[in-house]
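Read through the structure below, which is laid out as structure tokens, and then see the notes.
No lab work stands behind these numbers, since they all come straight from the coordinates. All of these numbers come straight from a predicted model, not from anything done at the bench. A quick note on method: Cβ atoms are made from the backbone with ideal geometry, for glycine too, and the neighbour counts reach across all protein chains shown.
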Amino acid sequence: MRNHHLLFFLLLLFPGANLYAEHQGIMVASASNLRFVMDEITARYTRSGAPAPRVIYGSSGNLAVQIEHGAPFDLFISADQDYIYRLKEQQLTNGEGVLFAQGQLALFTHHNSPLVAEEGLDGIDQALNDGKVKKFAIPNPNHAPYGRAAKQALEAAGLWQRIQPKLVLGENASQAAQFTFQGGAAAGLIPLTLVLSPGLNQLGQYQVIPVTQHIKEPLIHRMVILKDAHPATEQFVRYLQSDTIRDLLVGNGFIFNPQLP
Amino acid sequence: MIEVSLNHDAPPLDLDLKIKSNQTTALVGPSGSGKTSILRAIAGLLKTQRSCIKVDKTIWSDSDQGVWRATANRTLGYVCQNYALFPHLTALQNVESALLHLPESERRKQAMESLEKACIAGLEDRLPANLSGGQRQRVAMARAIARRPSVLLLDEPFSALDRSTAKRLYIELNQLFLELHTTVILVTHDLDEAAQLAEHLCLIHHGRQVQYGTTNEMLRRPTSVEAAQLLDFKNIIRTSCTASNRETSNSQIQWGDLLLEVENAPTLSPNSPLFWTVRPSDVTLVRADGKNTSELGNLLHAIVDELVLLREWAVVTLKVVNGGPERLQMQLRPSALSRHQVRIGAKIQIAIHPSVIIILDE
Amino acid sequence: MDITAITLSVKLAFWTLLFLVPLSIGVGRWLARTTFRGKLWIEALIALPLVLPPTVVGYYLLVSMGSHSPLGRFFEQLLGSTLAFSFEGLVAASILVNIPFAVLPVQRSFESVSRDVREAAQCCGMSTWQALRRIELPLAWPGILSATVLTFGHTLGEFGVVLMVGGNIPGETRTVSIAIYDRIQAFDQTAAGQMALMLLLLSLVTVGVSYVLAEKWLHRFRSQH
């Protein structure tokens, strides 16, 4: 290889090429179930001329751990408020943040499933008795907020004991959703926002589970600006609280209960 | 003069050798006697607890003074049992590996010279995998002599070869050693090999030097029982001295009820523990007609106990009448067996000349 | 198709190899040559990343490189940015995690260079460096190649550790394996499939080429009779 080719090749590989030379948009750590709605939101935000926020999706718990160890995010949107309060105690946040939206749980059945979502959890009850339920998907209640909510809803409907042997647990909400249309689960309890997403909305039917069924786990998504965040973050947070965006969120399966903080 | 003084625990070594320069010396001994360890210690591949190795006037190691010259800095050549040729290099490159101190242009020339001396020129571009055992041995030899070493160390260089190849190589090597005019130390357990290649012999047993001398002398006249055993002497028999004449240096020894005359024996004190031995080939068969027996020396009657026919010889084991309890071994040509009617159980007469009886001390 | 992710993965593999191959030659040779009390413990330590689940390893690496750790703080003071969640942090994590893949084949390879051959090199008058360059390295070459291929492949496919330590930051720590996972989570099968295919082809070509080279090398030793 000629010398200058080699040099060029090496420069290409040189890791220090700093991509942050100019502000490239704030970094948002977001709970993974917000993926589709956040994509839409950031697209709209960019149209107003601001640099596009870069959103990194993950499980809220994982993201919180990473933030504790210095992850360079500006904004954290969590599906579980407790993570934010914990970060505040470690003085990693600017205040205790604000409400993003409240999520909802939905019963989802694939078109080819023997079960029918419209019959709600009562229908599942019947199907269990008839032996029609082979597998039922929920996010893992041990660490996913939607999983905990799903468990509570099943307990409230008196199904938990009988359905336990049939459960398949998704590592996160997205994986639970995949089980329902790829993994052979006859039905699942997954975030409404995922059901309404472009990937899933054509693939089956759903029934919203009322909040009262899992009142101990209200699925409140909270967002907080992190310590040393870029000043442009505040503007984005205000945008997220704007009426236009709130309408968009409602259309995507979220609710805003005036009784909640 | 190569001076080698070693002390070590495992393997046990305790010796003080003085090896003549510019000649070939064989280190002979049974397996496990430590001969390879000695060679490795001379090469610097084995670090012993105490060592003092001087080659001519150069000190290669002196543990008392804290001197140690690394193997790479000792001008030696080493050929180990499996030759250890570099498998990824051709024969020529193998030899050139010993000549890295020379500029590249010189290396090839000197390497080719070496290969020619070792009688392996013509195969220089072959890889070791494509050479026969004998060819590899020659390449290893060429590599060892390329540097014009002051000491050439050979560790059982023929043990991996069949007898006929080895025999051919003996002749080549003899020629090579004569041309080289360098000190060669050869480790072997084969006495014939030592006899053919070495001018000097050093017997090693349990890491100690048993005897050192010229090969001829050692093979003909060992001085101790241990030496005789190592040299594969057969008839080692306990005895005691009954008479000794200082002027004629003749002596008499007792064996059973027999008295044997011995010539050229060292002055012996009566009642000191002695052994005598005679080579099987020195015991002669007396013809039945018994003419001129007076010059044959000690005449003995014996009964044939065992008869083993080998390729070129017959080994006859005898029970000597009136002799001690030990049996005597003699060698006969197979043709003599039938001529003199030597069979198991046959009574024969043998003669042992006083000059062939060797006295050994304990 | 996320080209940045693919180039990032290749960059990560390259820098890992750059540090790890010489390191593995040094450590592998040392382990092959020396015996000492406690050597077994060192070897067990080296094999540790093989046994621990990547997310566990990733978590502990995060703890030791993050902003709470002395190492992380030192790095931050020195260069102004965090060690974790940066490409440099990924390289560090990748080197640690790939140690067994690099050291073990090299160690075995050096062990296979017989003592007789090494001693013959000394008897030829070669210095340690000459013996290493002319005899040991050429003979240990297949092991070194193996180590390189294994490390390269493993780095390209590494997921758990990269996710924990890197944080999935696009352009900086979003490697192709993470990007594929990301697309699957977004139910974007097409993009995921394309990148997976790209990864597969890249790996096949690299591994294939390396093995052809190794075969040509080994062929030299085989008898032509």
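DSSP beta bridges confined to chain B are antiparallel in about 75 percent of cases. For the stretch C:1-107, the Cα-based Rg and Dmax, in that order, read 15.6, 52 Å. Summed over qualifying helices (DSSP H, 4 residues or more, each -39500 (n - 2.57)) and divided by its residue number, chain C shows a 222 nm mean residue ellipticity of -25500 deg cm²/dmol. Over the C-alpha atoms of the stretch C:136-225, the Rg to Rh ratio, Rh being the Kirkwood estimate, stands at 1.16. Counts of other chain beta carbons within 10 angstrom of each beta carbon in peptide C:158-166 average 1. In the stretch B:2-222, one over the average inverse separation of all distinct C-alpha pairs is 17.7 Å, which is the Kirkwood hydrodynamic radius. So if I take the centroid of the Cα atoms in the stretch C:156-225 and the same for the stretch B:324-362, what is the distance between those two points in Å? With the stretch C:156-225 and the stretch B:324-362 each reduced to a Cα centre, they are spaced 83 Å. Think of the protein assembly as shown as a dipole: +1 on every Lys or Arg Cβ, -1 on every Asp or Glu Cβ, centred on the Cα centre; then among C:GLN122, B:GLN110, B:LEU259, B:LEU259 lies furthest on the positive end.
How big is the dipole moment of the stretch B:30-180 about its Cα centre under a simple scheme where the beta carbon of each Lys and Arg is +1, that of each Asp and Glu is -1, and everything else is neutral? Debye, nearest 20, please. Dipole of the stretch B:30-180, to the nearest 20 debye: 280 debye.
Along its first, second and third principal axes, ordered by size, the protein assembly as shown spans 142, 68, 50 Å in Cα coordinates.
Short-range pairs are left out: with C-alpha atoms under 8 Å and at least six residues apart, the relative contact order of the stretch A:105-214 is 43 percent.
In the stretch A:54-205, the DSSP beta bridges split such that about 55 percent are antiparallel, to the nearest 5. So which residue, out of A:ILE77, A:ILE67, A:ILE138, gets the largest mean-square fluctuation from a GNM of chain A using Cα contacts under 10 Å as springs? Of A:ILE77, A:ILE67, A:ILE138, the most mobile in the Gaussian network model is A:ILE67.
Loop exposure criterion: chymotrypsin sites (Phe, Trp or Tyr not before Pro), DSSP state outside H, G, I, E and B, at most 15 other Cβ atoms within 10 Å. Applied to chain A, the longest stretch between such sites is A:21-255.
Counting only DSSP H runs of at least 4 residues, each contributing -39500 (n - 2.57), and dividing by the residue count of chain A, the helix-based mean residue ellipticity at 222 nm comes to -11000 deg cm²/dmol. Per residue of peptide C:80-91, the mean number of Cβ atoms on other chains within 10 Å of the residue Cβ is 3.
Relative contact order of the stretch B:2-222: 30 percent, from C-alpha pairs under 8 Å at least 6 residues apart in sequence.
Taking Cα centre as origin and charging only the Cβ of basic (Lys, Arg, +1) and acidic (Asp, Glu, -1) residues, the dipole magnitude of the stretch B:233-361 rounds to 480 debye. Since only C:ILE135, C:LEU71, C:LEU83 are under comparison, the one whose Cα sits farthest along the positive direction of the charge dipole of the stretch C:51-157, derived from C-beta charges on Lys, Arg, Asp and Glu, is C:ILE135. Considering the stretch A:44-170 at the alpha-carbon level, its Rg and Dmax are found to be 19.0, 57 Å. Taking the charge dipole of the stretch B:233-361 about its Cα centre, with +1 at Lys and Arg Cβ atoms and -1 at Asp and Glu Cβ atoms, the residue from B:VAL286, B:VAL316, B:TRP276 reaching farthest to the positive side is B:VAL316. Annotation: aspartates and glutamates with alpha-carbon distance below 12 angstrom to B:LYS47 (same-chain offsets under eight excluded): B:ASP9, B:ASP62. Taken about its Cα centre, the stretch C:54-150 carries a charge dipole of about 120 debye when Lys and Arg each add +1 at the Cβ and Asp and Glu each add -1 at the Cβ. Straight Cα distances below 28 angstrom link B:LYS109 to the lysines B:LYS117, with same-chain residues fewer than 8 positions distant left out. Looking at the stretch C:55-86, none of the chymotrypsin sites (Phe, Trp or Tyr not before Pro) sits in a DSSP loop with at most 13 other Cβ atoms within 10 Å of its own Cβ. Computed over the stretch A:154-205, the alpha-carbon pair-distance distribution with 5 angstrom bins reads 5, 18, 29, 23, 16, 8, 1, each value a whole percent. Just so you know, the averaged projected area of the alpha carbon convex hull for the stretch B:15-79 sits at 4.9 nm². Rg/Rh for the stretch C:114-170 (Cα atoms only, Rh after Kirkwood) is 1.34.
Separation of the alpha carbons by more than 20 angstrom is noted, of B:LYS18/B:LYS234; B:LYS18/B:LYS54; A:LYS151/A:LYS216, for B:LYS18/B:LYS234. Here A:LYS134 is the anchor, and the lysines within straight C-alpha reach of less than 16 Å, apart from those fewer than 8 places off in the same chain, are A:LYS166. Compute the helix-to-body angle for C:39-51: its Cα long axis versus the longest principal axis of chain C, expressed 0 to 90° and rounded to tens. Helix C:39-51 and the main axis of chain C meet at about 40 degrees.
Each stretch of four or more DSSP H residues adds -39500 (n - 2.57); spread over every residue of chain B, this sum gives -7000 deg cm²/dmol at 222 nm.
Annotation: Cα Rg of the stretch B:215-362 relative to the compact-globule expectation 2.2 N^0.38 Å equals 1.04. Mind jotting down the distance between the C-alpha centroids of the stretch B:12-66 and the stretch A:77-120, whole Å? Using only Cα atoms to place each centre, the spacing works out to 82 Å. When the P(r) of chain A is calculated, the portion above 34 Å amounts to 26% of the C-alpha pairs. Across the stretch C:3-219, the volume of the C-alpha convex hull divided among the residues equals 142 Å³ per residue. Short-range pairs are left out: with C-alpha atoms under 8 Å and at least six residues apart, the relative contact order of chain C is 30 percent. When the Cα convex hull of the stretch A:105-214 is projected onto planes of every orientation, the mean area is 5.7 nm².
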